[in-house]
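Some notes on the structure that comes next.
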Amino acid sequence: MLPKLLSSMTEALHQLYISRQADFDNIKSQFRGIDLAGPLLMAPNALYSQQPNPLLIVGQETKGWGYLHGEAIREQMAVYEKFNVGKEYYASPFWNVTRKVEQALGNAPYSCAWTNLSKFDVNGGRSFGAQERIISTVDDLLVSEISLLKPKVCLFSTGPAFDERIRRTFPGVTYQAVDKWSQRKLARLMHPDLPANTFRTYHPNYLRRSGLEPDFIHFIAAIKNDE
C-alpha cells in the first residue's frame, strides 16, 4: 500500500486516475476472458523532483503488470511504487539504457519517472486493431501526467511504430530532425504540451542491437552540456 501521506505530485496523480475510473472500467469490460494487465498508474519516487534534469521515459506497454480491481486506484499505484523504475528488476536493455540516460543527464540512478503511451497490455504484449483502438481511448492521460510531472527531458522510447498514436495524443505535434540522425531513428517532438527537450527514438533493445546506443547516449549527454 502507498503511505497515507502522499506527496502533492502523487496525490495529484491519484486524483487524476480516480477521475478516469469509468474509462478504465469501460476498457476492462470489453476484454472479459482476456489477460488485460494494467492500467499502469504512476507514483514517482522522491528522487524525481530533486534532479537537475527531471527525466520522464515514455515506453510502449508493459509485459505484464498489476490488475486494477474495482476502485483500488491507490493499490494499482503501489505496484508502480514497488517496481521503483526497475531498481530490483533484471538489467534488461530498457532499464540498462535508462540508467545510462540518467547518468548522462547528471541525474541520480533510479530517479527518472516512467510511464507508457499504452496504459494496458494484452497477453503480456502490444495490442492491435480493435483492441488497440479501445485501449488508446486513455492515451490522453499522458498529457495530464506530463503537465503534473513537469519533466525537463521527456524521452519517448516508442520507435516510429507508435508515431500515429503520439500524433493523436498531441494534435499538431511536429517532428524535427536532430543533427545527423534520420527522423526515423531520432526526432525532436515540438508541441505546447511537451517540454523543449522531448525526443522520440527506438526502443532501447533496438538501439543496442543496431549499434546506435553509444551515439544516442552521447547525444543525451550533449543536452546537459548545452544548458
(request) From the list Ala43, Ala37, pick out the single residue that is within 27 Å of Asp163 (Cα to Cα) and either aromatic (Phe, Trp, Tyr) or touching a strand residue (DSSP E or B) at 6+ places or on another chain (Cβ under 7 Å) (or both). (result) Ala37
(message) Step by step: first the residues of the stretch 173-205, then only those that are over 17 Å from the mean Cα position of the chain (by Cα) and touching a residue at least 40 places away in the same chain (Cβ under 8 Å), then the one that is nearest to Cys154 (Cα to Cα). Which residue is that?
(response) Val178
(message) Residues that are outside any strand (DSSP E or B) and touching a Ser or Thr at 6+ places or on another chain (Cβ under 8 Å): does the stretch 57-70 have at least one?
(response) yes
(message) Six or more apart or on different chains, Cβ atoms under 8 Å: show the pairs whose first residue is in the stretch 142-166 and under 23 Å from Tyr17 (Cα atoms) and modelled with pLDDT under 95 and whose second is surrounded by 16 or more Cβ atoms within 10 Å (Cβ to Cβ) and polar (S, T, N, Q).
(response) none
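For every residue, the table says whether it meets (1) of a type in the set (D, E, K, R); (2) in contact with a helix residue (DSSP H, G or I) (Cβ under 8 Å, 6 or more places away or on another chain); (3) surrounded by 18 or more Cβ atoms within 10 Å (Cβ to Cβ); (4) at pLDDT 95 or above.
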residue	(1), (2), (3), (4)
Leu189	no, yes, yes, yes
Phe199	no, no, yes, yes
Arg208	yes, yes, no, no
Pro214	no, no, no, yes
Asp226	yes, no, no, no
(request) Those residues that are in a helix (DSSP H, G or I) and either loosely packed, with under 13 Cβ neighbours inside 10 Å or among the acidic types (Asp, Glu) (or both), I need them from the stretch 19-33; list them, please. (result) Ser19, Ala22, Asp23, Asp25, Ser29
(request) Look at Val97 and say whether it is under 18 Å from Ala37 (Cα atoms), among the β-branched types (Val, Ile, Thr) and either buried (at least 19 other Cβ atoms within 10 Å of the Cβ) or more than 13 Å from the chain's Cα centre (by Cα) (or both). (result) no
(message) Is it the case, given these coordinates, that Thr137 is in a loop (DSSP other than H, G, I, E, B) and within 19 Å of the chain's Cα centre (by Cα)?
(response) no
(message) Which of the numbered conditions does Asn107 fail, given that it passes all the others? Conditions: (1) crowded, with 20+ Cβ neighbours inside 10 Å; (2) under 19 Å from Leu149 (Cα atoms); (3) within 16 Å of the chain's Cα centre (by Cα).
(response) (3)
(request) Hey, can you tell me all the residues within the stretch 140-167 that are surrounded by fewer than 18 Cβ atoms within 10 Å (Cβ to Cβ) and outside any helix (DSSP H, G or I)? (result) Asp140, Lys150, Gly159
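Does Leu68 satisfy being in contact with a Pro (Cβ under 7 Å, 6 or more places away or on another chain) and more than 22 Å from Tyr110 (Cβ to Cβ)? Explain how you work it out, then say what you get.
Values: in contact with a Pro (Cβ under 7 Å, 6 or more places away or on another chain): yes; more than 22 Å from Tyr110 (Cβ to Cβ): yes.
Taking the combined requirement at face value, the residue satisfies it.
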(message) Whether any residue in the stretch 42-57 is out of contact with any helix residue (DSSP H, G or I) (no Cβ under 6 Å at 6 or more places or on another chain), farther than 28 Å from Pro204 by Cα and in contact (Cβ under 8 Å) with a residue 40 or more places away in the chain is what I want to check.
(response) no
(message) Conditions first: (1) of a type outside the set (S, T, N, Q); (2) more than 15 Å from the chain's Cα centre (by Cα); (3) in a helix (DSSP H, G or I). Glu81 passes all but one, so which condition is the exception?
(response) (2)
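The values are calculated or read from the model by the stated rules, or taken from the named source; none is laboratory data. Just so it is clear, the model here is predicted, and its values are computed rather than measured. Positions of Cβ are generated from backbone atoms using ideal geometry, with glycine treated the same way; all protein chains shown enter the neighbour counts.
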